[in-house]
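Report on the structure given below.
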Amino acid sequence: MEINIQHSAELDKLATDLSQLQGELQHVSKDSKVYGYNYSSLPDTLDVAKPLLAKYGFALSQFEDGEKNLVTLLLHKSGQWIKGRMTLIEIEMKGTNAAQNKGSVLSYFRRYSIQAILGMAAEDTYSVPKSAGNKAPDTSIRAQSISAGPSGKAEEVKAAIPAS
């Protein structure tokens, strides 16, 4: 899977408010379950994020670009922005049709793209307590620091992200 990130030429105002937003951002719990796996749903992810997005002057938009990519656009009241594009994969699940499969893929990518662009973590729950000497695996998404090039212009950055 490949992720492609672009941003406005300036990020100072966006970065300041995003930093404050992240200071108040809570983890989203993995309270939805399917096929024995716990996950944080798209509505739960948005319920945690939306009040802080509004408070700090952000808008979030997601759409397909017609090339099998999901685009996540984080807009700031200053006009500054960050855009991430992830290539969607096709899956087939038993007992579902093509539209349901597509909806599942979109929902999955949308929630993880939102969590990644905001620096949000999903809280894992494990049956074995960490205090028993068992450490939970590190499943967090690591953000990559991006800055404008020497010319001060926005530059496209590509980073390979391993599928989990």
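Here are some notes:
- Net charge, K55 excluded, C-beta distance under 12 Å - Lys, Arg +1, Asp, Glu -1: 0
- Here the spin labels are modelled as points 7 Å beyond Cα on the Cα-Cβ line, and at K50 and Q22 they lie 2.4 nm apart.
- Rolling a 1.4 angstrom probe over segment 39-118 with all protein chains present gives an accessible area of which 56% lies on carbon and sulfur atoms.
- Peptides 69-82, 93-106, 51-64 ranked from most to least packed give 69-82, 51-64, 93-106, packing being the mean of other C-beta atoms within 10 angstrom over each peptide's residues.
- Sum of side-chain charges, D65 neighbourhood, beta-carbon under 11 Å (Lys, Arg +1; Asp, Glu -1): +1
- Positive minus negative residues near L14 (Lys, Arg vs Asp, Glu; Cβ under 13 Å): 0
The values are calculated or read from the model by the stated rules, or taken from the named source; none is laboratory data. Since this is a predicted model, take the numbers as computed values, not measurements. Reconstructed Cβ throughout: ideal geometry from the backbone, glycine too, with neighbour counts over all protein chains shown. In case anyone asks, the SASA skips ligands and DNA or RNA and just uses the protein heavy atoms, side chains included. Shrake-Rupley method; radii C 1.70, N 1.55, O 1.52, S 1.80 Å.
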